[in-house]
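Step one of this worksheet: look at the structure below.
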Amino acid sequence: MTKVGFIGAGKVGTALAVKLGEQGYPVVAVASRSLSSAQKLSRKAVGSQVYNSGQEVADKAELVFITTPDDQIGPVAASISWRRGQKVVHCSGAASLDILEPARELGAHVGGFHPLQTFAGIDQALENLPGSFFALEGDEEIKEELRKMALALNGQCVELGAGDKALYHLSAVIACNYWVTLVQVATDLWAHFGKDTSQALKALLPLLRGTLNNLAQVGLPQARPGPIARGDVTTIKKHLQVMEEKAPHLLSLYRELGLHTIPIGKAKGALSDPG
């Protein structure tokens, strides 16, 4: 199998190195700004060696993942003397392939391999990575290699064009990051009736899991419940009244989300245009 190296030993790099190694990919070289981080990754990725520089990783590996923070990917790519035909891959969700142009100019094949997943820590990354979708970019030769890696990780692929990355990443942020924000907003409301955030989160988690299960089982728009989607005007008026009294700062958010919910209710068949 292709010899793989990693420059950058954070959550994504560690998870990919460990899980690809478990599937038979020889992870031969690791480097990071932090020697201790590289050593931690190497201890988890059996058979890998720690090196002091990205150039040493590139010298040892046939396919190199640059798994640094996004703002370091370009400088790292520009600092290395790549071999013609070598494969160089970044894992940024927002950056496209132009960030690897220095490697392409030296004759390397460049690609993107972004796991559409959330990683709160190393342990969560190792648990969550298998079964994820992976966004692929690159020429056909490197995409074929990346498809095989995604399949080895029990994942599926979505292929992106040069102008797709920002919208793709925006979608992920809204679905994941802002969902957590909404849960925080929801749990904060419990303080108004004397309950703390941890109790609120414990109570809401089964509801959230049920929502995810509904999305998986029946999809959109059928999974969308709630008073706006079903046209329950009486309940909506109660919400607005209590927000005016207890949480007026949420009125604009509630109204904006409600406006975006109306088309879902129509698509679900629960709402109709007034006529």
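Key figures
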| item | result |
| --- | --- |
| Spacing of the two label points (7 Å from each Cα toward its C-beta) at residue 39 and residue 252, in nm | 5.1 |
| Accessible surface, the chain, averaged per residue in Å² (probe 1.4 Å) | 55 |
| Most to least accessible of 25, 254 (protein chains only, probe 1.4 Å) | 254, 25 |
| Semi-axis lengths, Å, the range 123-237, gyration tensor of Cα atoms, sqrt of 5 times eigenvalues | 36, 18, 14 |
| Fraction of accessible area attributable to carbon and sulfur, the chain (%, probe 1.4 Å) | 55 |
| Cβ-defined net charge surrounding residue 87, 9 Å radius [Lys, Arg +1; Asp, Glu -1] | -3 |
| Electrostatic dipole magnitude of the chain [Cβ: Lys, Arg +1; Asp, Glu -1; Cα centre; debye, to 20] | 780 |
| Accessible-area order (highest first, 1.4 angstrom probe) of the listed residues 65, 119 | 119, 65 |
| Length-normalised contact order of the range 184-249 in % [C-alpha pairs under 8 Å, at least 6 apart] | 20 |
| Candidate values (1) 64, 53, 38; (2) 68, 43, 31; (3) 72, 42, 42, label of the one derived for Cα extents along the principal axes in Å | (2) |
| Relative contact order of the chain, defined on C-alpha pairs under 8 angstrom at six or more residues apart (%) | 12 |
| Positive-end extreme of charge dipole, the chain - chosen from 128, 158, 42 (charges on Cβ) | 128 |
| Length added when fully stretched, residue 266-residue 182, from 0.36 nm per residue minus Cα-Cα | 27.9 nm |
| Dipole magnitude (debye, nearest 20) for the range 1-147, charges at Cβ of Lys, Arg, Asp, Glu | 520 |
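The values are calculated or read from the model by the stated rules, or taken from the named source; none is laboratory data. Quantities reported herein were computed from a predicted structural model and do not represent experimental measurements. Counting neighbours? That spans all protein chains shown, and the Cβs are built from the backbone with ideal geometry, glycine included. Surface areas here come from the heavy atoms of the whole protein model, side chains and all, with no ligands, DNA or RNA. Shrake-Rupley method; radii C 1.70, N 1.55, O 1.52, S 1.80 Å.
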